[in-house]
Amino acid sequence: MEMQMKELGKQWITSEKEYREGEVFVYRQKFTASQVKKAVFYGTALGVYEAELNGVKIGRQMFAPGFSYYPRRVLYQTHEVTELLREGENTLTVYLGQGWYCGRFLCENQTQIYGEQPAVAWILELEDAAGSRRLVSDETVEELESPYEYAGEYDGEIYFADGREKVTGHAAAYTREAPFALEPTLTEVRLQDEMPVREATVQGDVTILDFGQNFAGIVEIDPSFLTNETITIRHGEILNADGSLYTANLRKAKATIVYHAGAEKKKYRPRFTYMGFRYMELSGAAYQPGMIKAYALHTEMERTGYFSCENPLVQKLYENQVWGQKSNYVEVPTDCPQRDERMGYTGDGQVFALTGAYNFNTDVFWKNFLRDLELGQLDNTEGYVCATVPQTGPAGIGFISMLGWGNAVTILPEMMYRQFGDEEALPHQYESMKLFVEAEIRRMGKKNLWIGPSLGDWLAMGKGIAWQAMHNNPVSNAFIVHDLKVISETAERLGKREDAARYRRQLAATTDAYIKKFVSKKGIVAKDYQSAYIMALKFVLPEGELRERVKKNFVANIRKNGLQTGFFATEHLLPLLVEAGEQKLAYDVLLQENCPGWMYQVKCGATTTWERWDALKPDGTVNEEKMAGSGENMVSFNHYAFGSVGEFYYQYILGIRPEKPGFAKLHFAPYPDERLGGVSGSYLSVAGKIESAWWYGTDGCHIRLATPVEAVVLLPDGRSENVPAGTYEWTVKRP
């Protein structure tokens, strides 16, 4: 394989045309083959490519070779294609788009971020009657007239289905320096659920198609319903009050497909874009059932978690957070699939990571992400971890510290170790963690705290950006305490005694400094700031009297103010209420239907979780608050950060937690509430499938557990026991 990769790295081709944003190059290679025993295709690109052999797509991956930190690594694919070959003449066609490499990307809508022009490379190894031979991408490859007038991630595609095959020239050798390494693809984005049209409504000259679910995906057009029409399809998450498509939150993204029907009768699917939408607006032709389909897409992952509940609102929220993950695990943990962003945010990613790891096996997804985090960090000053990964170039710590984002460097591998028993996650990330922690230590200095502006508990209700920047420190510094705890424990486990001792000393000093600055002797944190209570309890405060006083004040704050948390504190809100002995209050917060709240979103018709608690305001209008400095709104109806409540579903409603890493031993402690009715669910851990259920009868609450491993069982009536693998049932009397 190493030999093929060295050879593949010498086969880069591109076009001699000048750069034009959104252009797609099409290459064709014809060859003959006879009595093929085996054929293997190796492919890669600086950009996005799709290869077809005799008109059939090679592999199932969308957006190959995938999004990576191009200055240091580019991905490649290997596919056996023996079954796609014909006796005699064959045609290999390769479509090359600009993708993340040099297409339009980022909130700032930049182009040519990583390079000036896309390039592609392939090797087709044939073992046939003529012997073993290789077909490679070189200057003999034909370049064809492109059927794409435009293709880009944000704006969509303009496609002419007129069967063009005109040869316009030949490929040019790509001669620019290639300092990166070629590495095999770890994950693949693939088409997943088929999404049929649920309802079609004619509005004047357009038809609004409702798919019934907000999701990330693509349209499929069946040309058998068309002749020579030009149809335009626009995408949106919601409708305006008059039933028309709402697109203001797309910002500069057009999210539009323009399809010129013609001689081609093959179904059309976009190759170089995807959209976040529930609704489509069709114009240019009358809609007919079967003309339009859609497919959800996301990174291929094994589904591992399930939950079922008799309370329809609670059930819907569970389904919404799953769809939030499906929609935003596309190459990287994106922040939203609809607007001009879709970047791999570290902060958003880490707060949902544990929930996502119950829904799906995400171990490889995070390995891939952390690889790019680590490589990008090597190009930054001070060992900085950027807010988005793959980062778009060398960076340093700026005016805003972005604490809570870069700390994904410790939070993610720790989660992978606990959830999947991934013994390599923390050791592999150690040097990367160390770079970041050392940067934190330098910035803290003699104060043992990093005091300065940051985004804080992002999008907490009633706390604007300016307020967060000035009051973020008790939230931000809690992440530093956690970093120091993780790295000192990892250093100890790796036998790095000097490191372990150094980080333990710093952990003690920072913990002490944090408590002195932010926690009063009466247990009031940061002048009664709800998010600060949560982060202090989660990451900073040890067991003892002060922690107990803080718990009481935290509970009093919740009773007085209700839910006021943002991206970071929301994940831990309900678990900490339960651990404070306030199970009923935790469920009160979960179930309350006013804004802000999860059930408020569900009652408003949400089918995914929202970026803002009040994305749709109580008066029915959209929250179009402008972002400072950009003049753009920031409202997404498909964002997973507040979907971190899924962690509460699995760990507290179902009671499924790891007692030992990788669920080698189970901690089973469900917290039933009659308002949910009957509940059941399961989690396919790396140690086997765990099933949990509870329901109420006349004699109390019945609890059932099926476990493949030894379990510590804690029942709601205070009973505890250790049980071996097996199936068990208990009855707990009502209090």
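The values are calculated or read from the model by the stated rules, or taken from the named source; none is laboratory data. Since the structure is predicted, the reported quantities are computational estimates derived from the model, not experimental observations. Virtual Cβ from ideal backbone geometry, glycine too; neighbours counted across all protein chains shown. Areas reflect the complete protein model, heavy atoms only, side chains present, ligands, DNA and RNA absent. Shrake-Rupley method; radii C 1.70, N 1.55, O 1.52, S 1.80 Å.
Does Y259 meet the test of being among the hydroxyl-bearing types (S, T, Y), surrounded by 21 or more Cβ atoms within 10 Å (Cβ to Cβ) and under 30 Å from E625 (Cα atoms)? When the stated conditions are applied, Y259 does not pass them.
Determine, yes or no, whether D348 is buried (at least 24 other Cβ atoms within 10 Å of the Cβ) and either part of a helix (DSSP H, G or I) or touching a residue at least 12 places away in the same chain (Cβ under 8 Å) (or both). Don't jump to the end; show me each part of the working.
On the way: buried (at least 24 other Cβ atoms within 10 Å of the Cβ): yes; either part of a helix (DSSP H, G or I) or touching a residue at least 12 places away in the same chain (Cβ under 8 Å) (or both): yes.
It is true that D348 is buried (at least 24 other Cβ atoms within 10 Å of the Cβ) and either part of a helix (DSSP H, G or I) or touching a residue at least 12 places away in the same chain (Cβ under 8 Å) (or both).
In region 356-386, the residue that is nearest to W450 (Cα to Cα) out of those that are aliphatic (A, V, I, L, M) and open to solvent by less than 20 Å² (accessible area, probe 1.4 Å) is V385. Within region 274-282, the presence of at least one residue that is touching a Ser or Thr at 6+ places or on another chain (Cβ under 7 Å), among the charged types (D, E, K, R) and within 15 Å of P337 (Cβ to Cβ) is confirmed.
Among the residues of region 234-250, count how many are assigned to a loop (DSSP other than H, G, I, E, B) and either in contact with a Cys (Cβ under 8 Å, 6 or more places away or on another chain) or of a type in the set (G, A, S) (or both). Of the residues in region 234-250, 3 are assigned to a loop (DSSP other than H, G, I, E, B) and either in contact with a Cys (Cβ under 8 Å, 6 or more places away or on another chain) or of a type in the set (G, A, S) (or both). Looking at S132, S146, S137, just one residue is under 33 Å from the mean Cα position of the chain (by Cα) and either hydroxyl-bearing (S, T, Y) or buried (at least 18 other Cβ atoms within 10 Å of the Cβ) (or both), and that residue is S146. From the list V36, V48, V56, which one is closer than 20 Å to E300 by Cα, aliphatic (A, V, I, L, M) and touching a helix residue (DSSP H, G or I) at 6+ places or on another chain (Cβ under 8 Å)? After ruling out the rest, the residue left standing is V48. For region 192-233, the set of residues classified as more than 26 Å from E319 (Cβ to Cβ), open to solvent by 50 Å² or more (accessible area, probe 1.4 Å) and either among the β-branched types (V, I, T) or in a strand (DSSP E or B) (or both) consists of V202, Q203, T227, T230, listed by residue number. Once region 394-440 is narrowed to residues that are open to solvent by less than 20 Å² (accessible area, probe 1.4 Å) and outside any helix (DSSP H, G or I), the residue that is farthest from N477 (Cα to Cα) is D422. For region 539-572, which positions are aliphatic (A, V, I, L, M) and either in a helix (DSSP H, G or I) or touching a Lys or Arg at 6+ places or on another chain (Cβ under 8 Å) (or both)? Selection gives L541, L546, V550, V555, A556, I558, A569.
Restricted to strands (runs of 3 or more DSSP E) entirely inside region 1-57, those with at least 2 residues that are farther than 19 Å from H79 by Cα are 25-33.
Selection of first residues in region 426-452 that are at pLDDT 95 or above and of second residues that are among the aromatic types (F, W, Y) and open to solvent by 30 Å² or more (accessible area, probe 1.4 Å), restricted to Cβ pairs under 6 Å at least 6 apart or on distinct chains, gives the following pairs, ordered by first then second residue: L426/Y417.
Among the residues of region 596-613, how many are assigned to a loop (DSSP other than H, G, I, E, B) and under 17 Å from E571 (Cβ atoms)?
Of the residues in region 596-613, the ones assigned to a loop (DSSP other than H, G, I, E, B) are 596-597, 604-613.
Cutting the leftovers down to under 17 Å from E571 (Cβ atoms) gives us 596-597, 609-613.
Looking only at that region, the number is 7.
Count of region 667-690 residues, restricted to those that are open to solvent by 30 Å² or more (accessible area, probe 1.4 Å) and assigned to a strand (DSSP E or B), is 4.
Listed by first and then second residue, the pairs with beta-carbon distance under 7 Å, at least 6 apart or on different chains, first residue in region 161-175 and of a type in the set (D, E), second open to solvent by less than 30 Å² (accessible area, probe 1.4 Å) and not in a strand (DSSP E or B), are D162/G262.
Applying the condition of being over 19 Å from C386 (Cβ atoms) and of a type outside the set (S, T, N, Q) to region 103-114 and asking which residue is surrounded by the fewest Cβ atoms within 10 Å (Cβ to Cβ) yields R104.
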